[in-house]
1. Filter the range 228-244 down to the residues that are of a type in the set (A, V, I, L, M) and over 29 Å from the mean Cα position of the chain (by Cα) and list them by number.
2. Only residues in the range 491-518 that are on the phi > 0 side of the Ramachandran plot count as the first member; pair them with residues that are among the acidic types (D, E), Cβ under 8 angstrom, at least 6 apart or cross-chain, and list the lot.
3. Take the conditions out of contact with any His (no Cβ under 8 Å at 6 or more places or on another chain), among the hydrophobic types (A, V, I, L, M, F, W, C) and surrounded by fewer than 18 Cβ atoms within 10 Å (Cβ to Cβ) and apply them to L251. Does it pass?
4. Scan the range 353-369 for residues that are of a type in the set (G, A, S) and either open to solvent by 40 Å² or more (accessible area, probe 1.4 Å) or touching a residue at least 60 places away in the same chain (Cβ under 8 Å) (or both) and jot them down.
5. Quick one: R89 ticks every box in (1) open to solvent by less than 60 Å² (accessible area, probe 1.4 Å); (2) of a type in the set (K, R); (3) at pLDDT below 90 except a single one, so which number is it?
6. Is it the case that S222 is at pLDDT 95 or above and open to solvent by less than 40 Å² (accessible area, probe 1.4 Å)?
7. Out of all the residues in the range 567-596, which are more than 20 Å from Q400 (Cβ to Cβ), assigned to a strand (DSSP E or B) and touching a residue at least 40 places away in the same chain (Cβ under 8 Å)?
8. Looking only at residues in the range 440-474 that are closer than 24 Å to I592 by Cβ and hydroxyl-bearing (S, T, Y), which one is surrounded by the fewest Cβ atoms within 10 Å (Cβ to Cβ)?
Amino acid sequence: MPTVSVGRDRLFSALGKSYSREEFEDLCFKFGIELDDVTTEKAIIRKERHLNEEDGGVGDDDGEIIYKIEVPANRYDLLCLEGIAQALRVFNEEQQTPTYTLASIPKDSMLKMHVKPQTSSIRPFVVCAVLRDITFDEASYNSFIDLQDKLHQNICRRRTLVAIGTHDLDTLQGPFTYEALHPKSINFVPLKQEKSFRADELMEFYKSDMKLKKFLQIIENSPVFPVIHDSKRTVLSLPPIINGAHSAITLKTKNVFIECTATDLTKANIVLNTMVTIFSAYCQRKFEVEPVEVIYSDGRSFIYPDLSVYNMEVPLSYITGSIGVSLEAEKVTSLLNRMQLRAEHSVLDDNKCNINVSVPPTRSDILHPCDVMEDVAIAYGYNDIPKRRLPSMKPLPLNQLEDLIRAEIAMNGFTEVLTWILCSNRENFALLNREDDRSSAVIIGNPRSSDFEAVRTSLMPGALKIIGHNKDHPKPIKIFEVGDVAFLDDSKDVGATNRRHLAALYCGTNSGFELIHSLLDRIMEVLGTPFVPIGDNTGYYIQRSDAPEFLPGRQASIIYKGKHIGDFGIVHPQVLNNFVITDPCSFLEIDIEHFL
């Protein structure tokens, strides 16, 4: 989880109260964050330089004491001192949750950002806002910059999804233009530099910059680079790399123009809302933000930021039932108000009570009633929730069946193995002589390697890989596995379904076909399933099959109560060769969920 470093004295000043370390740790725990470490700037420098400390403790001569606070990864409003201080003040009921508003400006008078169509090929979205009459001191200015860095590392995914640009509006002239141009046609003085660079020259220049070189790959291979100009063609920024020096903000900046270019519009809105809601507290009109109109080339226009609240209805019974504590509606609404969620309760016609929650723009982490329930539990106090014994510890029927089968097969001399549920697409199909029908396997969208690019549809590849890697093991090798496979299924809400399969494999100097067949008969006997004539649906029978992974004429399908539940046979020599196996093998695979 992200760790935020804040000055202890400045934090206590913002909270209006001083705490001992133990008291502050207790407050953090109650709120759901953690005081991870207490250090100083000088101690951090000593640690970075690997210098010895004469005094192992934190002394007064080390300068300002720094608190490192660990916050939840989805609480972007807590990534700076201002956000933490406000949240804790509201939690302590020393402040009401702020109401964020847009400045009342006629649409004709709004600043405008015109988006050119060429940007759609590289970073298609931009959102903007203005903080008017803001007053920075050195601490708040540094916090403003640090919040941008924290957001870039977190929700912005190192600027790949969103890049933030902040500018001194008084040095610029609207309206603004967001466009994508050839690198040689972009020329400006970048931040902290004195001479002008072409965009292509800038990419070469920053390859030696330890901080910025990691962002170059986002756009360097594109034929066009995104760029923002004002009406005088002054370059504001070359997102996501660097801002222009002309509009750099300083401690004297009074009006801040914020633009976020993005490939993900939802995350861009969250980032912009986080920036403006937290730092609008430093504006002359507190918690008021000036909107900007973004106009696309097809005529669509949008007003940003969107500071509207959205409402959610959560049944009181869901909240209390999930937490395990009986609470009155008034108590629940009070607890939610302490978590910066405005809440009221209403009674329905059937005397059931609903909690109506208004989610502010700062709480982008509230997506589902379970998030509301979690905030109630945090405010109530996890340590105050009574312990209770779960009503049932009985295992699922499928797991009971699996345990029974595993024990029986182990008693037949087979060794249990456990293989990856992910495999390569070749292992799923080509190496088993199967055709990829593109309609059965679940494909991983962004695999880390070619070995894990699909979810297995059979346990066979894993078993054969084990044999291939243990060719020198004494024969025979008898292994089995009980595990999940997955198939695409449009009837499921996630588009796929899991099935529990049993697989057994025999490898030796002979095929062992009769051993695999006898294992099937033993499993069916243990499950109380009789062997019946073909066509009889009261038990199971086998019939000839033509699966490509098995040797023709030495394989069979298993039919249980009229349904095909599996196959067994001698593995095809070509399949054995694909897995570099030199000895004959027989294989059995059954879908055991049919026995439930």
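The values are calculated or read from the model by the stated rules, or taken from the named source; none is laboratory data. None of these values were measured; they are calculated from a predicted model. Ideal geometry is used to build each Cβ from the backbone, glycine not excepted, and the neighbour counts take in all protein chains shown. In case anyone asks, the SASA skips ligands and DNA or RNA and just uses the protein heavy atoms, side chains included. Shrake-Rupley method; radii C 1.70, N 1.55, O 1.52, S 1.80 Å.
1. I228, V235, L236
2. Listed pairs, sorted by first residue: G495/D489.
3. yes
4. Matches in the range 353-369: S364 only.
5. Failing condition for R89: (3).
6. no
7. Matches in the range 567-596: F568, G569, I570, V571, C585, S586, F587, L588, E589.
8. Looking at the filtered set, the residue picked out is S440.
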